[in-house]
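What follows is a short report on a single structure.
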Amino acid sequence: MQVPFIDLRSHHEPLMGELVDAFRQVTETSAFAGGPFVARFENEFAAFCHTRHALGVGSGTDALWLSLLALGVGPGDEVITSPNSFMATAEAASLCGAKPVFVDVDPDTYTMDPEQLETAITLRTQAIIPVHLFGQTADMDPIMAIARRHGTAVVEDACQAHGAEYKGRKAGSMGVAGCFSFYPGKNLGAFGEAGAITTDESDLRTKVQVLRDHGQAAKYFHSTIGWNARMDGIQAAVLSVKLRRLDVTNSARRAHAKLYSELLADEPRVIRPKTGRHNLHVFHIYGVRVKNRDEVLQRMAARGVNCAIHYPVPIHLQKAYAFLGYKPGSFPVAEQCAHEFLSLPMYPELKPEQIRFVVDTLKESLFN
Ligand SMILES: Cc1ncc(COP(=O)(O)O)c(C=O)c1O
């Protein structure tokens, strides 16, 4: 048996009729950049996230960067986030001219440790970006309380957490802004690059609308220097089709995760993912921890199971951030995760027999 890490083809096959129809509608109206399909998706996605507004942008990176810019983050400022994320989280701060500052993560949920957050706050802190890693939100109540005490904005990196909930609140609805990626492999994926910002703040919405469109509030009248970060009409039309099934596909991911965890319960060499007490997890990634991870991954690949690593090097130890002066040992939990994380195949269309094969293969591939 062969098990791919992700299978987008099987995901799109049952939607083919609706997707072709969506393409036809966009083509017939030539609404390619921005336009009615983007506006419709923005309304639908805001409703899904329980926010007043959603703004389509070019990628998750754009969403993070433009949110920070709209909040006024700039040179001399600090933005606190966690080091075991995709590079884009920290890049967004750097693109504003600010300095990313890291705090370690909780060893159970791998999301920002609120206790360490408070000590990292300085007079320069302008924003906090908790990362909702692998599909569950960070522990938002203590993070929001600390942010409120210090008058600091919270921007949620919800790029891996479409539909996740914390105490019944949706990812992207708790901070001043929520940032989503619709990269094709995400729980809600486009047919290329796309992203969105969710917010209840009309002022932030207006600022992002201007920034994503070359700083123009009216055509060819530029009040500020912006960028081209608009969402394509085609991507919005595709996302509208797929959003309708997101709750169903997220439930399928949760069921797969449950089966993985049951089958791995008797294997002490594998640390299974834990779901935070208040969380509804959407399992963008089912990440376990094992010793000799690289060798285990190779052995599994040789036996037909493709896994992935999210992420092999934590951001504070990336070459690009050497100038920040962090060293191995700065964030022990994130660093241990980077050595041990192994992402098992996860997509809604996985079959129980494939999950059993993945687990058997993992057990056979472990070292004593
Ligand atoms: C946690 C996280 N933040 C930010 C991003 C950036 O999103 P995009 O690739 O759409 O720019 C990603 C995407 O991989 C992500 O997983």
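Only one of the listed residues (T137, T122) is in contact with a Lys or Arg (Cβ under 9 Å, 6 or more places away or on another chain) and either outside any helix (DSSP H, G or I) or buried (at least 24 other Cβ atoms within 10 Å of the Cβ) (or both). That residue is T137. With respect to the conditions (1) free of Cβ contacts under 8 Å to residues at least 12 places away in the same chain; (2) buried (at least 19 other Cβ atoms within 10 Å of the Cβ), A217 lacks only one, and its number is (2). Among the residues of this structure, G175 counts as one that is within 16 Å of the ligand (Cβ to nearest atom), open to solvent by 10 Å² or more (accessible area, probe 1.4 Å) and closer than 18 Å to N279 by Cβ. Output the number of residues of the stretch 40-64 satisfying the condition of being assigned to a helix (DSSP H, G or I), open to solvent by 10 Å² or more (accessible area, probe 1.4 Å) and either near the ligand (Cβ under 9 Å from one of its atoms) or touching a residue at least 60 places away in the same chain (Cβ under 8 Å) (or both). Within the stretch 40-64, residues that are assigned to a helix (DSSP H, G or I), open to solvent by 10 Å² or more (accessible area, probe 1.4 Å) and either near the ligand (Cβ under 9 Å from one of its atoms) or touching a residue at least 60 places away in the same chain (Cβ under 8 Å) (or both) number 6.
Within the stretch 194-214, being open to solvent by 80 Å² or more (accessible area, probe 1.4 Å) and in contact with a helix residue (DSSP H, G or I) (Cβ under 8 Å, 6 or more places away or on another chain) holds for one residue alone: K207. Per this entry, E28 is not counted among residues that are buried (at least 18 other Cβ atoms within 10 Å of the Cβ), away from the ligand (no atom under 16 Å from the Cβ) and acidic (D, E).
Note on the stretch 65-100: among residues that are part of a strand (DSSP E or B) and surrounded by fewer than 23 Cβ atoms within 10 Å (Cβ to Cβ), the one that is nearest to the ligand (Cβ to nearest atom) is P100. The residue that is nearest to E295 (Cα to Cα), counting only those in the stretch 323-362 that are open to solvent by less than 10 Å² (accessible area, probe 1.4 Å) and part of a helix (DSSP H, G or I), is L362. The condition of being surrounded by fewer than 24 Cβ atoms within 10 Å (Cβ to Cβ), out of contact with any Leu (no Cβ under 8 Å at 6 or more places or on another chain) and not in a loop (DSSP other than H, G, I, E, B) holds for A22.
If you take the residues in the stretch 288-322 that are part of a helix (DSSP H, G or I) and surrounded by fewer than 16 Cβ atoms within 10 Å (Cβ to Cβ), which one is farthest from the ligand (Cβ to nearest atom)? So, considering only residues that are part of a helix (DSSP H, G or I) and surrounded by fewer than 16 Cβ atoms within 10 Å (Cβ to Cβ), the one farthest from the ligand (Cβ to nearest atom) is A302.
Among the residues of the stretch 314-333, those identified as more than 17 Å from the chain's Cα centre (by Cα) and either among the hydrophobic types (A, V, I, L, M, F, W, C) or modelled with pLDDT under 95 (or both) are L317, A320, A322, F323, L324, F331, V333.
The values are calculated or read from the model by the stated rules, or taken from the named source; none is laboratory data. Keep in mind it's a predicted model, so treat the numbers as computed, not measured. Every residue, glycine as well, gets a Cβ built from its backbone with ideal geometry; the counts of neighbours run over all protein chains shown. When the accessible area is computed, the model is the full protein with side chains, heavy atoms only, and any ligands, DNA or RNA have been set aside. Shrake-Rupley method; radii C 1.70, N 1.55, O 1.52, S 1.80 Å.
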